[in-house]
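Novice: I have a structure here, written as structure tokens, and I will follow up with some questions on it.
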There are 2 protein chains.
Amino acid sequence: MSDRPYHHGNLRRALLDSAVELIAERGPASLSLREVARRAGVSHAAPAHHFADKTGLLTAVAAEGWRLLTAALADRAATADFGELGVSYVVFATSHPAHFAVMRTPGLVHPDDPELVAARDGAGTLLYRGAGVPGEDAGRPAASSGRGRVLAAWSLVHGLAVLLQEGLVAPGPGEDIETLARAVTAQLAPA
Amino acid sequence: MSDRPYHHGNLRRALLDSAVELIAERGPASLSLREVARRAGVSHAAPAHHFADKTGLLTAVAAEGWRLLTAALADRAATADFGELGVSYVVFATSHPAHFAVMRTPGLVHPDDPELVAARDGAGTLLYRGAGVPGEDAGRPAASSGRGRVLAAWSLVHGLAVLLQEGLVAPGPGEDIETLARAVTAQLAPA
DNA sequence: TGCCATATCTGGACATTGACAAGATGCTCC
DNA sequence: GGAGCATCTTGTCAATGTCCAGATATGGCA
């Protein structure tokens, strides 16, 4: 408490960064709020002033993850077909493992947090448009091939990303993630 | 401690059941070992004699889940094609949500536990055979269409099961899980 | 039958954690 | 320059996971 100023300046960002670091090292389940504070160089109660509770911090990490995913998808959304959008999804998940782990782990976030919902919906819109059949409207019956196709596409890339993160699946020697993802998305029936 | 006998009789099973109950109610992240013990009617330290630690208990739940999944798949494995196997996978996940949540949540189990590995491999064999192209051998190059197809099939059903459990996807009114799962697996390109 | 080795379970202890309360510090705007 | 507020700290509390020593039951062996 001597050399450091009383006010951090940008503690919220520093806490988010420390949290992501720790999650990358030890997983989201064993994250300790006090250790996040220690790593950011502040007292154990400081995080409470930026995030209501531990779940609030994780919710913010998840929301940031959805925004990062949205940005990654938007880079390709204009020109790419679903295959390339799916590749982007998988590449995001493997290149931001901590964010993705928080996004997909049940019970870690406040599911109705407005910031989280907005961020997730933003990515969802891009994914839905990317997977949907062009020219189809949204009000179709539930089991129609249109909804089935969107669900299949989303399930496909999400499932692959999860299997990769769990280590249940890994790229072959000399194979990169993009190649693997393309081989998988190619298995989806053509629209 | 008066009416209850000092020795429980089948505490291991009772602890597993209590754990599954609690996970179904509040999710796997907030499971408390002491509360599992309370619900089973034993002291807070009793679980240590049947499971090394909290992770050990969750590992046992996950292993049981994989065995239940294997049994469900085996019921259909003889006659069914991949589509029906995938439907079984999704039905298992939605009808055993607590087990499935532990199986898919990162960092909850001892990943190298022999019992867990054996149980998971048992299910994996059935899934691999179900998704694979008949007559194809295993030593193909990594990105071949054969491996891509297996990965796609596995990713597809796992992803759908996850999306259903998270509530990000739900069957339409009057639609059941099997119908939805069939609509999704139908989107996989024919072998 | 009697007795001991072992498996099973209890109660107490300790460090760590998330959350809360009250006070200290520094910024901002009048 | 002073009031009001956001930011951060210290102190505290109940709950948790894990460890330890001891109590209790069970089964084998004389």
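The values are calculated or read from the model by the stated rules, or taken from the named source; none is laboratory data. Keep in mind that this is a model prediction, so the values were computed, not measured. A quick note on method: Cβ atoms are made from the backbone with ideal geometry, for glycine too, and the neighbour counts reach across all protein chains shown. These accessible areas exclude ligands, DNA and RNA; they are computed on the full protein's heavy atoms, side chains included. Shrake-Rupley method; radii C 1.70, N 1.55, O 1.52, S 1.80 Å.
Novice: Going 7 Å from Cα along the Cα-Cβ axis for the label, what nanometre distances separate B:E178 from the same residue across the other copies?
Specialist: 4.4
Novice: When the helix-only estimate is applied to the protein assembly as shown (DSSP H runs of n ≥ 4, each -39,500 (n - 2.57), divided by the residue count), what is the mean residue ellipticity at 222 nm, nearest 500 deg cm²/dmol?
Specialist: The helix contribution divided over the protein assembly as shown gives -20500 deg cm²/dmol.
Novice: Now a separate question. Please compute the modelled spin-label separation between B:A189 and A:D75, points set 7 Å along Cα→Cβ, answer in nm with one decimal.
Specialist: Label-label distance for A:D75 and B:A189, simple model: 2.6 nm.
Novice: Quote the charge dipole size of chain A about the Cα centre in Debye, to the nearest 20; the model charges only the Cβ of Lys and Arg (+1) and of Asp and Glu (-1). Walk me through the numbers before you get to the answer.
Specialist: Details: 17 positive and 20 negative charges, 63 e Å.
Around 300 debye, computed over chain A.
Novice: Taking a cut-off of 37 Å, what percent of all Cα-Cα pairs in the protein assembly as shown are separated by more than that? Write out the running numbers ahead of the final one.
Specialist: Working: 18310 of 72771 pairs.
Result for the distance tail: 25 percent.
Novice: Rounded to the nearest 0.05, what FRET efficiency is calculated for B:A118 and B:A48 with R0 set to 25 Å and r the Cβ-Cβ distance?
Specialist: Efficiency, rounded to the nearest 0.05: 0.60.
Novice: Give me log10 I(q)/I(0) at q = 0.09, 0.16, 0.17, 0.18 Å⁻¹ for segment B:54-185, Debye formula, one equal scatterer per alpha-carbon, no solvent.
Specialist: -0.27, -0.84, -0.94, -1.03
Novice: Just want to confirm a number: the relative contact order over segment B:54-185, from Cα pairs under 8 angstrom separated by 6+ residues, in percent.
Specialist: 35 percent
Novice: Cut-off 14 Å, label point 7 angstrom out along Cα-to-Cβ of A:E21: give me the residues of segment A:38-58 whose amide nitrogen falls inside.
Specialist: Inside the label zone: A:38-42.
Novice: Treat segment B:1-50 as a sphere of radius equal to its Kirkwood radius over Cα pairs and apply Stokes-Einstein at 20 °C in a medium of 1.002 mPa s; give the translational diffusion coefficient in µm²/s, rounded to a whole number. Kindly include the intermediate steps, with their values, before the conclusion.
Specialist: Working: Rh = 11.1 Å.
Translational D for this selection: 192 µm²/s.
Novice: Roughly how many Å² of A:H44 are accessible to a 1.4 Å probe, to the nearest 10?
Specialist: We get 110 Å² for A:H44.
Novice: Let me ask another. With point charges of +1 on the Cβ of Lys and Arg and -1 on the Cβ of Asp and Glu, referenced to the Cα centre of segment B:54-185, which listed residue (B:L73, B:G172, B:G107) lies farthest in the positive direction of the dipole?
Specialist: Of the options given, the answer is B:G107.
Novice: Where along chain A is the Cβ that lies nearest the axis linking it to chain B, and how many Å separate them?
Specialist: Closest Cβ to the A-to-B rotation axis, residue and whole-Å distance: A:G159, 1.
Novice: Additional query: With a cut-off of 8 Å between alpha carbons and a minimum separation of six or more residues, what is the relative contact order of segment B:1-50 in percent?
Specialist: Contact order relative to length: 33 percent.
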